[in-house]
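Novice: Okay, here's the structure, questions in a sec.
The values are calculated or read from the model by the stated rules, or taken from the named source; none is laboratory data. Because the structure is a prediction, the values reported are computed rather than measured. Heads up, the Cβs are rebuilt from the backbone with ideal geometry, glycines too, and the neighbour counts pull from every protein chain shown. Ligands, DNA and RNA are excluded from the accessible area calculation, which covers all protein heavy atoms including side chains. Shrake-Rupley method; radii C 1.70, N 1.55, O 1.52, S 1.80 Å.
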Amino acid sequence: MNPTYTASNLAGLLERHPVTPPQGINLDSTLPPGSNPHSRERNYRLYVPKGFNPGKPSALLVVLHGCHQTNEDIQLIAGADSLADREQFLVLYPYVTSYSGYRVRECWGWWIKAHRTRGRGEVEDIWRIVEQVKRDYALDSSRLYVCGLSSGGAMAVNCLVAHPDRFAGGASVAGLAYGESPSAVKGSAFSISRYNSLQRLCSVTRKNLAGAAPPNLLIIHSNGDQVVSDKATDNLEQCWREVAGLDAVARQWQIEGDASGAPWTLTGHTSGSQPRLLRLETPGFPHGWLGGPEGPHSSPDAPCISELIWWHLNASAGRKRGRIDPAYDELFQEAS
């Protein structure tokens with residue numbers, strides 16, 4: 001086992017809650033609609049840490065909000081800005097801003113073909129925001145990351161599948177598999193969750209990866225979540241593991257610990273020095289962000305996931321990314 005994967009140092013990360021208020025600045029901007037189908041105007045916020053050198057190539061972390069949230073809400077609870085002050089990277093908070101059709105308020109369309117396919121809709125607009133940031137700041141193309149909560153966690157997975165040649169890694173907090181059904185989300189105590197088969201999820205994911213290997217992924221879930229179930233999380237993990245072929249090439253390991261009085265289990269699949277797939281489980285916490293500052297959809301007393309996410313993404317820096325097969329370009333418009 002790689003010596004960096006130890007219960008003591010990972011427990012230390014999960015205990016390290018943000019204590020210093022952010023010292024940087026927020027820059028609010030708007031992305032105009034693009035030529036990609038189903039594109040819309042998108043508002044976004046860029047957090048620039050104190051003392052940041054805009055000419056030095058920097059990592060960029062894209063953080064996607066969940067339903068019933070704005071980008072300002074996820075910024076408040078994620079704890080990423082304090083990390084950015086310490087580590088000197090940029091944090092990007094896109095806002096879904098507007099959308100058509102029936103949805104829960106402020107929810108990314110993670111299940112909609114038009115918004116999860118490369119070159120189209122929301123998943124492409126998110127990438128266009130990254131490109132707009134590139135015009136003003138020197139970004140390190142080997143350290144572009146994406147994470148999110150709930151619908152934002154599902155959309156982060158979509159970004160990794162649609163742009164595997166662009167993002168080095170990502171994290172999904174209470175998110176879902178690429179191509180999963182919206183009925184996999186439990187809407188009420190009386191609703192019955194229904195899931196797509198693992199075979200279908202793997203097929204759709206492979207098709208949209210278009211010959212590239214899936215980026216590194218950290219999955220975070222609590223079994224107290226009454227919105228996204230253990231089954232939905234299992235589907236995401238099993239699909240990623242199968243599509244990446246990790247059972248054949250990766251070393252599996254498991255570490256258990258305790259943080260903030262809550263037990264946790266971290267399961268990993270490592271190939272070489274790369275943590276290709278990780279899953280953190282902790283019991284009893286409701287649907288939301290774990291271990292961040294106080295705010296809506298936050299459990300501040302949970303293990304602190306922001307430090308673990310940043311550790312995982314740093315370990316993903318410089319990942320050798322496969323290229324999209326040009327022969328698949330037309331299939332992107334037909335992917336289901």
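Novice: One residue is enough: does the stretch 252-274 have a residue meeting the conditions polar (S, T, N, Q), within 19 Å of Gly79 (Cα to Cα), open to solvent by 10 Å² or more (accessible area, probe 1.4 Å) and touching a helix residue (DSSP H, G or I) at 6+ places or on another chain (Cβ under 9 Å)? Steps first, answer last, please.
Specialist: Quick first cut of the stretch 252-274, residues polar (S, T, N, Q) only: 252, 254, 260, 265, 267, 270-271, 273-274.
Adding the requirement that they be within 19 Å of Gly79 (Cα to Cα) leaves 260.
Remaining after also requiring open to solvent by 10 Å² or more (accessible area, probe 1.4 Å): 260.
In the following step, the residues that additionally are touching a helix residue (DSSP H, G or I) at 6+ places or on another chain (Cβ under 9 Å) were identified as 260.
Within the stretch 252-274, one or more residues are polar (S, T, N, Q), within 19 Å of Gly79 (Cα to Cα), open to solvent by 10 Å² or more (accessible area, probe 1.4 Å) and touching a helix residue (DSSP H, G or I) at 6+ places or on another chain (Cβ under 9 Å).
Novice: Which one of these is in contact (Cβ under 8 Å) with a residue 40 or more places away in the chain, at positive phi and of a type in the set (Gly, Ala, Ser): Gly291, Gly245, Gly257, Gly272?
Specialist: After ruling out the rest, the residue left standing is Gly291.
Novice: Residues of the stretch 181-197 being in contact (Cβ under 8 Å) with a residue 24 or more places away in the chain and aromatic (Phe, Trp, Tyr), which ones?
Specialist: Scanning the stretch 181-197 gives a single hit, Tyr195.
Here's the yes/no breakdown for (1) at pLDDT 95 or above; (2) among the charged types (D, E, K, R); (3) open to solvent by 40 Å² or more (accessible area, probe 1.4 Å):
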position	(1), (2), (3)
Ala7	no, no, yes
Pro18	no, no, yes
Pro22	no, no, yes
Asp28	yes, yes, yes
Pro32	yes, no, yes
Arg42	yes, yes, no
Lys56	no, yes, yes
Asp81	yes, yes, no
Asp85	yes, yes, no
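Novice: Within the stretch 61-71, is there a residue that is open to solvent by 60 Å² or more (accessible area, probe 1.4 Å) and under 27 Å from Pro303 (Cβ atoms)?
Specialist: Taking the stretch 61-71 and keeping what is open to solvent by 60 Å² or more (accessible area, probe 1.4 Å), we get 68.
This time we only want the ones that are under 27 Å from Pro303 (Cβ atoms), so: 68.
Looking through the stretch 61-71, at least one residue is open to solvent by 60 Å² or more (accessible area, probe 1.4 Å) and under 27 Å from Pro303 (Cβ atoms).
Novice: In addition: Determine whether the stretch 82-92 contains at least one residue that is under 20 Å from Val228 (Cβ atoms), assigned to a strand (DSSP E or B) and either free of Cβ contacts under 8 Å to residues at least 40 places away in the same chain or not hydroxyl-bearing (Ser, Thr, Tyr) (or both).
Specialist: No.
Novice: Please go through (1) modelled with pLDDT under 95; (2) outside any loop (DSSP other than H, G, I, E, B) for Ser193 and return the number of the only condition it doesn't satisfy.
Specialist: It is condition (2) that Ser193 fails.
Conditions (1) assigned to a helix (DSSP H, G or I); (2) without any contact (Cβ under 8 Å) to a residue 12 or more places away in the chain, marked per residue:
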site	(1), (2)
Gly179	no, no
Gln199	yes, yes
Lys207	yes, no
Ala213	no, no
Leu218	no, no
Asp225	no, no
Leu236	yes, no
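Novice: Which of the residues belonging to the stretch 213-236 are within 21 Å of Arg321 (Cβ to Cβ) and crowded, with 19+ Cβ neighbours inside 10 Å?
Specialist: Once the filter is applied, which keeps residues that are within 21 Å of Arg321 (Cβ to Cβ) and crowded, with 19+ Cβ neighbours inside 10 Å, the stretch 213-236 yields Pro214, Pro215, Asn216, Leu217, Leu218, Ile219, Leu236.
Novice: Given (1) within 11 Å of the chain's Cα centre (by Cα); (2) open to solvent by 10 Å² or more (accessible area, probe 1.4 Å), where does Arg135 come up short, assuming only one miss?
Specialist: (1)
Novice: Something else about it: Can you pull out every residue in the stretch 180-212 that is open to solvent by less than 10 Å² (accessible area, probe 1.4 Å) and closer than 15 Å to Ser151 by Cβ?
Specialist: Glu180, Ala184
Novice: Scan the stretch 41-92 residue by residue and report those that are over 18 Å from Val19 (Cα atoms), more than 17 Å from the chain's Cα centre (by Cα) and of a type in the set (S, T, N, Q).
Specialist: The answer is Asn43, Asn53, Ser58.
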